[in-house]
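The values are calculated or read from the model by the stated rules, or taken from the named source; none is laboratory data. Keep in mind the model is a prediction, meaning the values are calculated, not measured. Cβ atoms come from the backbone with ideal geometry, glycine included; neighbour counts cover every protein chain shown.
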């Protein structure tokens, strides 16, 4: 296939980690759907209010865990795709770390205590920073030839 030869074969790991994140995102969305049924928060309501349900905070924490993951997804994908061209194995490892940390971030948030999201979830920021370095390295390498 034209163009595929330009990518290192290890880039496949980057692709697989991105697919893993897609599955994680689907799983988080399903958890929000379950919370909607459990706490009776109907569409199109994005966040519950205390006047509508006594468990508004718990639902909102589940919703925010997923919403924050959606907010970070474009940054994660761009850094993975670009940084992975020059550093596919490092990027794939950092991407896997990000996926695992996002799982714990979401589950910690879903407890209803937002502070729980950072116990293991904080390592996602380390992964993003590492991916940023990989992407900068790729950009500098392109400029320098």
**Request:** Could you tell me whether residue 50 is surrounded by fewer than 15 Cβ atoms within 10 Å (Cβ to Cβ) and part of a helix (DSSP H, G or I)?
**Result:** no
**Asked** Mind checking which residues of region 13-32 are in contact (Cβ under 8 Å) with a residue 40 or more places away in the chain and under 30 Å from residue 90 (Cβ atoms)?
**Response** 13, 14, 16, 17, 18, 20, 21, 24, 25, 28
**Asked** Within the bounds of region 86-107, is there any residue that is in contact (Cβ under 8 Å) with a residue 12 or more places away in the chain and out of contact with any helix residue (DSSP H, G or I) (no Cβ under 9 Å at 6 or more places or on another chain)?
**Response** no
**Message:** List the residue pairs whose Cβ atoms are under 7 Å apart, where the first residue sits in region 122-145 and is within 18 Å of residue 72 (Cα to Cα), the second is at pLDDT 95 or above and not in a helix (DSSP H, G or I), and the two are 6 or more positions apart or on different chains.
**Reply:** 134/87
**Request:** Say whether the condition of being without any contact (Cβ under 8 Å) to a residue 40 or more places away in the chain, in a helix (DSSP H, G or I), more than 21 Å from the chain's Cα centre (by Cα) and surrounded by fewer than 14 Cβ atoms within 10 Å (Cβ to Cβ) is met by at least one residue in region 33-40.
**Result:** yes
**Prompt:** Mind checking whether some residue in region 82-89 is more than 18 Å from the chain's Cα centre (by Cα), assigned to a loop (DSSP other than H, G, I, E, B) and modelled with pLDDT under 95?
**Reply:** no
**Message:** So, residue 60, is that one more than 24 Å from residue 12 (Cβ to Cβ) and part of a helix (DSSP H, G or I) or not?
**Reply:** yes
**Request:** Would you please name the residue that is modelled with the lowest pLDDT, looking only at residues in region 93-145 that are part of a loop (DSSP other than H, G, I, E, B) and surrounded by fewer than 17 Cβ atoms within 10 Å (Cβ to Cβ)?
**Result:** 145
